[in-house]
Structure formats: C-alpha cells, structure tokens
1. Mind counting the residues in segment 25-49 that are modelled with pLDDT under 95, polar (S, T, N, Q) and out of contact with any Pro (no Cβ under 9 Å at 6 or more places or on another chain)?
2. Of the residues in segment 197-230, how many are modelled with pLDDT under 95, over 14 Å from the mean Cα position of the chain (by Cα) and either in a helix (DSSP H, G or I) or not aliphatic (A, V, I, L, M) (or both)?
3. Do we have any residue at all in segment 133-143 that's out of contact with any Ser or Thr (no Cβ under 8 Å at 6 or more places or on another chain) and among the charged types (D, E, K, R)?
4. Residue by residue through segment 231-290, note down the ones that are outside any loop (DSSP other than H, G, I, E, B), β-branched (V, I, T) and either under 12 Å from N201 (Cβ atoms) or modelled with pLDDT of 95 or more (or both).
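The values are calculated or read from the model by the stated rules, or taken from the named source; none is laboratory data. Please read these numbers as outputs of a predicted model, since none were measured by experiment. Cβ placement follows ideal geometry from the backbone for every residue including glycine, while neighbour counts extend to all protein chains displayed.
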Amino acid sequence: MKTGAMAGGALRSLHSAASRSVAARATPDTTLEGRKYLVTGATDGIGRHTARQLALRGATVLLHGRSQARVEQTIAEIAKDTGVECQGYVHDFKALAGARALADDVLRDHGSVDCLLNNAGVYLPSKEVSDDGFEMTWAVNVLAPFVLTQALVGAVSWRIVNVASLSAAHSVDFGNLNQERGYDGHNAYSLSKIANICFSNCLADRLAKAGSPVTSNSLDPGTVDTKMLRAGWSMGGIPVSTANNQLHLCTSPGVEGVSGAYYVSQRMTSPPPPATDRDTREQLWATMEEHTGVKFSL
C-alpha cells in the first residue's frame with residue numbers, strides 16, 4: 001500500500017435515458033491481459049466500478065484514493081469479486097504534491113502504464129481552499145490531473161481518458177477561476193468540467209504534434225446514481241454497476257487512434273463552445289501551467 005482524490009461523478013437528468021441505452025454495451029468478452037491502468041478516484045462510484053471492470057477483464061489495475069482504509073477495502077472487494085488484486089496508492093489531491101507523489105510512486109513501481117484514467121473529482125456545496133491556496137474544486141478536478149498527467153505523459157503508451165460532464169460550462173470567466181466572487185458549487189463544478197475538456201483537447205493537439213501514438217479524449221460519464229449526484233443535484237440515475245461510458249473509452253477498439261474527441265453516451269459529440277475555440281482552450285492551458293508551475297515536454 002502506498003501512502004501519502006476523491007471519486008468521480010456525474011450529472012443532469014436530460015441525458016439519463018441515453019445513459020440507460022448504453023449502460024450494458026461493454027462486455028466482459030474484452031480481454032485486457034497485459035494492459036496496465038492507473039485509475040484515480042477509484043474507491044467510490046464510477047471510478048470504483050471501472051476499476052472492477054478492468055480487473056474483471058484481466059488488466060493490471062493501479063487504484064488511487066485519498067483514504068488508506070477505503071483503498072484497502074476496495075482492493076479486497078475487487079479481489080473477492082474478480083480474483084484479481086489491484087495495487088493501491090493513497091494520495092490526497094487537495095495538495096498538488098499529492099498528484100506529484102502519485103506519479104512518482106507509479107513511475108518507481110511500474111515505469112509505465114498503458115492507460116491513465118483521470119477520474120478523481122469533487123463537487124462542493126460550500127467553498128473550500130486547497131493546501132496550495134486554490135478553490136478546492138479547481139484544485140482537485142483541474143490542477144491535480146494536469147500535474148499528474150504532465151508527470152506521467154512520457155510513461156503512458158496508449159490512452160489518456162479524462163472524465164468531464166454534460167454540465168460543463170458554456171463560457172469561462174477568466175477573472176473568477178478561483179471563485180472569489182459569489183461562490184456556487186454548481187458553477188465551480190461546471191467550470192472544472194469545461195476545463196477538463198479543454199485540457200484533453202489541448203493535450204491531444206500536443207501529442208499529435210509530437211508524433212506520439214498516445215490519444216487523449218474526454219467524456220461525460222452519464223447520469224449515474226453516485227453520492228456526488230445525490231449531494232449536488234438531489235436526484236438519482238442509472239445504477240453505478242451499469243455505468244460503462246468510461247470503460248468504453250478505456251478499452252474499446254472502436255476508439256483506437258481517435259484523439260481530441262468528447263464523448264456522450266459513447267458517441268463522439270461536439271463539446272460546449274469554450275472547447276471548440278482554440279484561443280479559449282489555450283488560455284485555460286496557460287492558466288493551468290501558471291497555477292501548477294509545470295509545463296509539458298513532449
């Protein structure tokens with residue numbers, strides 16, 4: 001057990017029917033033997049379900065969470081269900097040092113991974129501040145995966161999958177990224193999710209320019225009955241056990257070679273306007289560099 005993140009979630013009733021229609025598309029027939037996955041925020045909700053499904057298909061799963069007890073419990077339950085023992089890493093993304101430490105541990109223990117699933121995320125009804133002085137939603141949902149991916153990008157051989165949301169914002173107020181004015185948990189979450197899509201697309205551009213075979217895509221996970229959904233939106237959704245949108249992007253041969261795309265209900269979809277505007281995307285990327293102090297070298 002590595003000591004030293006928070007589980008990912010979902011949104012909005014308007015696409016719940018679509019979520020149900022694709023819930024069972026992924027099948028255990030997919031063989032992932034020889035593949036190695038790092039899943040962040042894997043001790044609850046969709047992250048935990050995805051880690052279990054990857055293990056069920058024979059993958060080596062590196063499972064991240066912020067609580068040692070929860071990581072140990074998740075490893076034990078997945079082992080009981082699948083006969084596969086995942087490897088656990090405990091780091092809290094409320095500090096960017098946690099993301100850096102996770103990358104260091106994975107590189108030390110494994111050297112490389114086939115797929116990085118940036119799933120960890122939070123919704124917070126009241127404003128909290130990270131150890132580095134940033135609004136917590138921005139820190140955990142945006143800056144931590146930026147730092148983690150930057151540290152690991154040279155060691156990822158296949159796919160980078162970034163969990164966004166259908167609730168992603170349709171505009172970006174660059175003067176209030178840290179939510180100093182009029183904090184609202186839904187607005188903070190929506191901002192973080194459009195930033196995830198923009199990050200994913202900018203990364204795809206850079207990987208392609210560098211001639212890398214690694215792909216970067218983002219997705220809406222669906223309206224899924226998670227603690228986050230109930231806490232933030234007072235509604236239910238499809239059972240977590242049928243939420244396979246993330247699994248699809250992590251495993252499907254149908255998305256082989258596709259990069260810079262955004263998926264809803266396992267279908268490529270046009271993202272909200274900020275993600276289609278190059279200037280906005282690049283301004284967000286530059287802001288992430290400024291806030292984290294790291295730059296990608298590809």
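1. Of the residues in that region, 2 qualify.
2. Quick first cut of segment 197-230, residues modelled with pLDDT under 95 only: 220-230.
Adding the requirement that they be over 14 Å from the mean Cα position of the chain (by Cα) leaves 223-230.
If we keep only those that are either in a helix (DSSP H, G or I) or not aliphatic (A, V, I, L, M) (or both) too, we end up with 223, 225-230.
Residues flagged as modelled with pLDDT under 95, over 14 Å from the mean Cα position of the chain (by Cα) and either in a helix (DSSP H, G or I) or not aliphatic (A, V, I, L, M) (or both) within segment 197-230 amount to 7.
3. Just the residues of segment 133-143 that are out of contact with any Ser or Thr (no Cβ under 8 Å at 6 or more places or on another chain), to begin with: 133-135.
Right, trim to among the charged types (D, E, K, R) and you get 135.
There is at least one residue in segment 133-143 that is out of contact with any Ser or Thr (no Cβ under 8 Å at 6 or more places or on another chain) and among the charged types (D, E, K, R).
4. Looking only at segment 231-290, we keep the residues that are outside any loop (DSSP other than H, G, I, E, B), and these are 231-233, 238, 240-242, 245-251, 253-255, 262-264, 267-268, 273-276, 278-290.
If we keep only those that are β-branched (V, I, T) too, we end up with 238, 240, 242, 251, 255, 264, 276, 280, 287.
Passing the criteria: T251, V255, T276, T280, T287.
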